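The values are calculated or read from the model by the stated rules, or taken from the named source; none is laboratory data. Since we're looking at a predicted model, the values are computed, not measured. Here the Cβ positions follow ideal geometry from the backbone for every residue, glycine too, while neighbour counts run over all protein chains shown.
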Amino acid sequence: MEREYDVVVIGTGVAGSDIAWHCGDAGMEVAITDQQDYGGTCALRGCVPKKVLVGAAEVVARAHDQQGNGIRGEVSIDWPRLVAFEHTFTDPVPRRKEERFRKVGVHTYRGPARFTGPNRVVIGGDTLTARYIVIATGARPRPLGVPGADLVTPSDDFFTLETLPDRIVFIGGGYISFEFAHVAARAGSSTTILQRSGRVLGKFDPDIVGRLVLASEELGIDVQVNMPLVSIEKKATGLSVRAGKEGNEKIFEADMVVHGAGRVSAIEGLDLAAGKIETDRRGIAVNEYLQSTSNPAVYVAGDATPTSAQLTPVAVMDAHIVVDNIRNGNARVADYSVVPSAVFTTPPLASVGLTEEAAKERGIPCIVHAGDLSARFTNRSIGEKHSRYKLLIESDSHRILGAHLIGHHAEEVINVFALAIRHNLTADDLTLDAIPWAYPSNTYDIIHMVHPLVRK
């Protein structure tokens with residue numbers, strides 16, 4: 001069957017779904033397809049199920065940290081029941097999403113899409129032509145390229161484990177490895193993180209990351225740096241992981257090896273050449289409007305975008321940009337200058353704006369103010385001893401340029417700093433004189449972060 005549409009969207013994650021809904025709401029004829037279950041990474045294999053697991057780990061952490069302070073008795077994770085609870089969030093998503101598309105008039109297809117021309121894709125036995133085609137296929141694990149790579153468990157599969165192995169090695173020192181390692185450690189597994197370079201979580205402030213590494217090691221997580229993966233071999237007792245630089249290799253024994261070494265755009269199989277879509281080393285070449293540089297009929301959104309931070313809010317922002325540009329003729333450009341991000345460990349780590357390194361590279365004169373909030377009763381009352389912050393303030397104007405936090409509710413407090421950076425607020429604008437922050441709260445602690453920087 002051959003059908004003609006205004007917009008065809010490939011991918012049903014948050015980016016693709018938003019584009020389909022908004023274009024359909026504007027009266028366009030829209031079709032959407034996915035080769036996996038409808039819902040995408042965030043709802044099925046990322047943010048949502050991860051937060052369910054993290055929530056359980058947080059309960060265990062709080063009970064552990066409060067032992068002897070009025071709390072007694074250990075709390076533990078029942079892994080099968082936790083995964084069953086997690087499935088109550090993810091299992092209904094595909095059906096509900098597909099039903100919602102149909103109710104708003106978006107035509108749904110299933111199966112991999114393949115370009116057969118600049119404005120044409122084939123899905124199974126169907127050929128779809130459209131004025132615009134949006135690639136929102138998400139991301140996939142980066143190829144490891146070592147012997148035994150087929151023995152590695154994709155991070156997506158972590159959410160469906162019926163039992164949690166006793167020994168887990170995580171490849172890569174990024175978000176995925178740290179978040180899953182903290183959950184697994186709280187559930188009783190022995191966990192190891194192997195990072196190929198000398199620095200984990202490289203996009204975050206190294207001093208704040210150092211505190212997270214300390215908290216991780218206190219939890220029993222073995223964080224190994226300068227340990228590039230060499231090979232994985234199956235043995236009678238489990239998996240043998242060889243890692244390290246030549247001449248200094250080590251063996252790590254594991255029952256499971258999990259891929260946490262980054263993700264790349266999932267664009268294989270699309271036959272981009274047939275669609276006149278050029279690529280570069282990062283993926284599909286796009287302009288500032290998220291439009292293919294070689295085929296103006298094609299836009300890219302979400303994790304499939306080569307410049308994407310691979311965060312759900314960024315994917316949503318991409319979707320809105322693409323919708324505006326389809327409807328209004330490239331009226332809006334992508335701006336990733338203020339993107340708060342968080343690592344959902346226990347405690348969580350969060351960051352927004354410039355790091356100290358970036359400010360120095362750009363020659364921006366800054367006041368760097370760092371401190372310890374673990375003695376504040378908001379943290380001491382729950383036994384949180386790893387609460388730290390670092391703020392970057394422009395020397396002359398006192399505008400907030402960057403914020404880097406670790407501690408209870410850091411993932412919430414960071415959004416205040418994101419707003420401050422976006423709207424050019426100063427340290428003065430965040431004091432108690434400017435805003436009577438709710439008290440007691442972790443947000444109220446902002447006044448202790450900015451107080452020495454406020455102009456007298």
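If you go through segment 270-284 and pick out every residue that is modelled with pLDDT under 95 and either under 20 Å from the mean Cα position of the chain (by Cα) or part of a loop (DSSP other than H, G, I, E, B) (or both), you end up with 3. Residues in segment 241-267 that are surrounded by fewer than 15 Cβ atoms within 10 Å (Cβ to Cβ) and free of Cβ contacts under 8 Å to residues at least 60 places away in the same chain: K245, E246, G247, N248, E249, K250, I251. Restricting attention to segment 434-456, the residues being closer than 19 Å to P347 by Cα and either among the β-branched types (V, I, T) or assigned to a helix (DSSP H, G or I) (or both) number 3.
Residues in segment 19-64 that are within 27 Å of E179 (Cα to Cα) and charged (D, E, K, R): D37, R45, K50, K51, E58, R62.
Among the residues of segment 207-240, those identified as surrounded by fewer than 17 Cβ atoms within 10 Å (Cβ to Cβ) and assigned to a helix (DSSP H, G or I) are D207, G210, L214, E217, E218. Quick one: in segment 286-307, of everything that is in contact (Cβ under 8 Å) with a residue 60 or more places away in the chain and not acidic (D, E), which residue is farthest from A136 (Cα to Cα)? That would be N295.
Restricting attention to segment 285-319, the residues being on the phi > 0 side of the Ramachandran plot and at pLDDT 90 or above number 2. For the condition under 19 Å from the mean Cα position of the chain (by Cα) and at positive phi, L201 qualifies.
Restricted to helices (runs of 4 or more DSSP H) entirely inside segment 1-79, those with at least 1 residues that are without any contact (Cβ under 8 Å) to a residue 40 or more places away in the chain and either over 21 Å from A184 (Cβ atoms) or not acidic (D, E) (or both) are 47-65.
For every residue, the table says whether it meets (1) under 23 Å from the mean Cα position of the chain (by Cα); (2) in contact (Cβ under 8 Å) with a residue 12 or more places away in the chain; (3) assigned to a loop (DSSP other than H, G, I, E, B); (4) not assigned by TED's automatic domain parsing to the domain that holds P80.
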residue	(1), (2), (3), (4)
A130	no, yes, no, no
D156	yes, yes, no, yes
F159	yes, yes, no, yes
E162	no, yes, yes, yes
P165	no, yes, yes, yes
I168	yes, yes, no, yes
G173	yes, yes, yes, yes
I176	yes, yes, no, yes
F180	yes, yes, no, yes
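Any residue in segment 113-131 that is of a type in the set (A, V, I, L, M, F, W, C) and either loosely packed, with under 15 Cβ neighbours inside 10 Å or modelled with pLDDT under 95 (or both)? No, that holds for no residue. Which one is surrounded by the most Cβ atoms within 10 Å (Cβ to Cβ) among residues in segment 132-153 that are modelled with pLDDT of 95 or more and outside any loop (DSSP other than H, G, I, E, B)? Checking each candidate, the answer is I135. Looking only at segment 311-370, residues that are without any contact (Cβ under 8 Å) to a residue 24 or more places away in the chain and among the hydroxyl-bearing types (S, T, Y) come to 1 in all.
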